[in-house]
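The values are calculated or read from the model by the stated rules, or taken from the named source; none is laboratory data. These numbers come from a predicted model, not from an experiment. Note: ideal-geometry Cβ built from the backbone for every residue, glycine included; neighbour counts use all protein chains shown. To get the accessible areas, we keep the full protein, side chains included, count just its heavy atoms, and leave off ligands, DNA and RNA. Shrake-Rupley method; radii C 1.70, N 1.55, O 1.52, S 1.80 Å.
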Amino acid sequence: MEQVPLCNSKDLVDGGLAVPFDVVYGGYTCRAFAIRWKGSVHAYLNRCAHVAMELDWQPNRFFDDTGQWLLCSTHGAVYRPDTGACAGGPCRGGLVRIELSERDGVVHWHTDWNLQPVSF
C-alpha cells in the first residue's frame with residue numbers, strides 16, 4: 001500500500017471542516033473527505049450508505065451542530081466519526097473507510113487494492 005500526502009495536520013481541526021480529496025474507488029472517481037475527531041484523523045468516501053449521494057450540506061461540512069456526529073444532509077442518516085458506522089436514520093451499513101496516518105505534521109491516506117489515487 002502506498003501512502004499519499006493529503007494535508008498538513010493543522011488543516012484538520014477537531015469537529016471542524018473536512019479536507020476533501022478525490023480517489024479512484026472500484027474503478028470510479030469519487031470524492032472523499034478527512035476529518036479530525038477527538039484528536040484522531042479519519043477519512044471516508046463522501047457517499048451516504050443509504051443512497052449513494054454526497055453527505056456534506058455545505059462544502060466540507062460533515063459534522064452536525066453538536067460536532068459529535070457525521071450527518072447526511074439529504075436523508076438525515078447519522079454516522080460515528082471514529083468508525084463510520086451508522087448511528088441512526090436511514091442507513092444500509094456504514095461509510096467506506098479510508099486508512100489515514102499522521103506523522104511529522106502531515107496527514108497521509110493509504111491506497112488499497114480497490115482504492116487508488118486519481119491519475120492526471
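Looking only at region 5-26, decide whether some residue is at pLDDT below 95, of a type outside the set (Val, Ile, Thr), in a loop (DSSP other than H, G, I, E, B) and under 15 Å from residue 112 (Cα atoms).
Yes, that holds for at least one residue.
May I ask you to verify whether residue 87 is assigned to a strand (DSSP E or B) and more than 19 Å from residue 109 (Cβ to Cβ)?
Working: assigned to a strand (DSSP E or B): yes; more than 19 Å from residue 109 (Cβ to Cβ): yes.
Yes, satisfied.
Select from region 31-58 the residues that are of a type in the set (A, V, I, L, M, F, W, C) and more than 11 Å from the chain's Cα centre (by Cα) and list them in ascending order. Spell out how you get there, then give the answer.
Step one: of region 31-58, the residues of a type in the set (A, V, I, L, M, F, W, C) are 32-35, 37, 41, 43, 45, 48-49, 51-53, 55, 57.
Passing the criteria: 37, 49, 51, 52, 53, 57.
Among the residues in region 67-86, are any of a type in the set (D, E, K, R), on the phi < 0 side of the Ramachandran plot, touching a residue at least 40 places away in the same chain (Cβ under 8 Å) and touching a Leu at 6+ places or on another chain (Cβ under 7 Å)?
Pass one, region 67-86, residues of a type in the set (D, E, K, R): 80, 82.
Those left that are additionally on the phi < 0 side of the Ramachandran plot: 80, 82.
Now restrict to residues that are touching a residue at least 40 places away in the same chain (Cβ under 8 Å): 82.
Those still in the list that are touching a Leu at 6+ places or on another chain (Cβ under 7 Å) too: none.
Within region 67-86, none of the residues are of a type in the set (D, E, K, R), on the phi < 0 side of the Ramachandran plot, touching a residue at least 40 places away in the same chain (Cβ under 8 Å) and touching a Leu at 6+ places or on another chain (Cβ under 7 Å).
Are any residues in region 43-80 in contact with a Lys or Arg (Cβ under 8 Å, 6 or more places away or on another chain), open to solvent by less than 40 Å² (accessible area, probe 1.4 Å) and assigned to a loop (DSSP other than H, G, I, E, B), and if so, which ones?
Scanning region 43-80 gives 46, 49, 55.
Which ones in region 1-32 are in contact with a Phe, Trp or Tyr (Cβ under 6 Å, 6 or more places away or on another chain) and among the hydrophobic types (A, V, I, L, M, F, W, C)? Quick ask: steps written out before the conclusion?
Taking region 1-32 first, the residues in contact with a Phe, Trp or Tyr (Cβ under 6 Å, 6 or more places away or on another chain) are 4, 6, 15, 18, 20, 32.
Those that are in contact with a Phe, Trp or Tyr (Cβ under 6 Å, 6 or more places away or on another chain) and among the hydrophobic types (A, V, I, L, M, F, W, C): 4, 6, 18, 32.
Those residues that are assigned to a strand (DSSP E or B) and not β-branched (Val, Ile, Thr), I need them from region 91-112; list them, please.
Restricting attention to region 91-112, the residues satisfying the condition of being assigned to a strand (DSSP E or B) are 97-98, 100-103, 106-110, 112.
Correct list: 97, 100, 101, 102, 103, 108, 109, 110, 112.
Which residue is farthest from the chain's Cα centre (by Cα), if the candidates are limited to region 88-115 and must be of a type in the set (S, T, N, Q) and surrounded by fewer than 16 Cβ atoms within 10 Å (Cβ to Cβ)?
Here is the first cut: in region 88-115, the ones of a type in the set (S, T, N, Q) are 101, 111, 114.
Add one more test, that the residue is surrounded by fewer than 16 Cβ atoms within 10 Å (Cβ to Cβ), and what stays is 101, 114.
Working: 101: 13, 114: 16 Å.
Here the answer is 114.
Considering each residue of region 1-24, count those that are touching a residue at least 40 places away in the same chain (Cβ under 8 Å) and either among the hydrophobic types (A, V, I, L, M, F, W, C) or on the phi > 0 side of the Ramachandran plot (or both), and give that number.
12
In the set 105, 94, which member is on the phi > 0 side of the Ramachandran plot and not aliphatic (A, V, I, L, M)?
Details: 94 fails: on the phi > 0 side of the Ramachandran plot.
Only one candidate passes the filter, namely 105.
Would you check which residues across region 8-26 are within 15 Å of residue 103 (Cβ to Cβ) and crowded, with 19+ Cβ neighbours inside 10 Å and list them?
12
For region 27-42: of the residues being over 13 Å from residue 98 (Cα atoms) and in a strand (DSSP E or B), which is most open to solvent (accessible area, probe 1.4 Å)?
In the first step, residues of region 27-42 are kept if they are over 13 Å from residue 98 (Cα atoms); the result is 27-29, 36-40.
Those still in the list that are in a strand (DSSP E or B) too: 28-29, 36-37, 40.
Working: 28: 161, 29: 95, 36: 29, 37: 31, 40: 56 Å².
Of everything passing the filter in region 27-42, 28 is most open to solvent (accessible area, probe 1.4 Å).
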